[in-house]
Amino acid sequence: MPVVERDGVRLFYEDTGGDGEVVFMTHGFASSSKMWDGQMGLSSKFRLIRWDMRGHALSQSPDDETKYSKQNQVDDMAAVLDACGVQQAVFLGHSMGAYDNILFYLSSPAYARRMKALIIFGSGPGFSKAKAREVWNKNADKLSAGYAEKGLDALVGSDRTKGHTAEGARIGLAHAAKNVFGQRDSDPLYARLPDGASVAATHLHELRLPVLIMIGERDKQFRASSEMMKAKIPNSRMVFVEDAGHMANEQQPEKFNACIADFINSLSS
């Protein structure tokens, strides 16, 4: 099982290899790299790299909540790319993973140069207003308490099939819910960036690269945020995946994969 260790935490990843365009795939909170099973057929065209966030599935779940942060998240991404010997990739992320990809780009010029293009799938840029973020963080605290108390029984939907362990759910997902799913100004990454935890919502205009925004046509939660990002990100386009919701890549893999391939192929045209 391929792993890279960073900051004393072992991170699982999978690299299909090959000479095609590199696609770096990041799952959402409480999911895992297995959410991309339906996309692995794209390895005939592209080099695919997928990984499990710390606290998730096959990656380690340290029982130290200071090991979980947005800063660690973006640095973990860089560590996986380094382990694969990849300097630049097309970043594909879902939900929280897509949001964290935006943070990766905004966190430093060096990280921004590693992103050739960005695919934002079923996500949003966080909140520009503190009150809205406070509500989000209260929900994150409830999620954290639920995982700490119920472990695997707190998982919902297809997250139940993503390979989480009992210990990983009780410890890893509990810490990740509070400190990675949560968007807190005290996070080391937010603390050093302009506008703190509002940085993604207020700096979308700084995404100076090709961007594809994807959303299932039934994903009502992220419809407005997707349309807002389309309006504010300079070089962006948006596509709806028909007959699909938040997990459009699992519900309509052929349609989803065709959109991905069309976008990546357009980068060289």
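The values are calculated or read from the model by the stated rules, or taken from the named source; none is laboratory data. Values in this document were obtained by computation on a predicted structure and should not be read as measured data. Don't worry about glycine lacking a Cβ; one is built from the backbone with ideal geometry, like all the others, and counts go over all protein chains shown. Note: accessible area is taken over every heavy atom of the protein model, side chains too, but ligands, DNA and RNA are not part of it. Shrake-Rupley method; radii C 1.70, N 1.55, O 1.52, S 1.80 Å.
Brief remarks follow.
- Ratio Rg/Rh, restricted to the range 14-152 and using Cα atoms, in which Rh is the Kirkwood radius: 0.97
- Taking packing as the residue-averaged number of other Cβ atoms within 10 angstrom, the listed peptides 56-63, 85-92 run from highest to lowest as 56-63, 85-92.
- Value of Rg to Rh for the range 130-172 (Rh from inverse mean 1/r over Cα pairs, i.e. Kirkwood): 1.07
- If you wrap the Cα atoms of the chain in a convex hull and average its projected area over all directions, you get 12.7 nm².
- Summarising the label geometry, the points placed 7 Å from Cα in the beta-carbon direction at ARG208 and SER108 lie 1.9 nm from one another.
- Beyond 28 Å in Cα-Cα separation lie the following of the pairs LYS138/LYS162; LYS129/LYS220; LYS131/LYS255: LYS131/LYS255.
- Within the accessible area of the chain, the carbon and sulfur atoms contribute 49%, probe 1.4 Å, all protein chains present.
- Phi-based couplings in Hz for the range 133-147 (Karplus 6.51, -1.76, 1.60; Gly and Pro marked x): 5, 4, 5, 4, 5, 5, 5, 4, 5, 5, 4, 4, 5, x, 5
- Per residue value of the accessible surface for the chain (all protein chains in place, 1.4 Å probe), Å²: 42
- Averaging Cα coordinates gives a centre for the range 1-80 and one for the range 112-172; these two points are 15 Å apart.
- Note: relative contact order over the chain, using C-alpha pairs below 8 Å and six or more positions apart, is 20 percent.
- For the range 179-269, a Kirkwood radius taken over Cα pairs fed into Stokes-Einstein (10 °C, viscosity 1.306 mPa s) yields D = 107 µm²/s.
- Peptide ranges 70-78, 126-134 listed from the most packed, as the mean C-beta count within 10 angstrom indicates: 70-78, 126-134
- Oblate is the label for the range 222-269, because the ratio a/c of its alpha-carbon gyration tensor axes (a ≥ b ≥ c) is 1.5 or higher and a/b is not greater than b/c.
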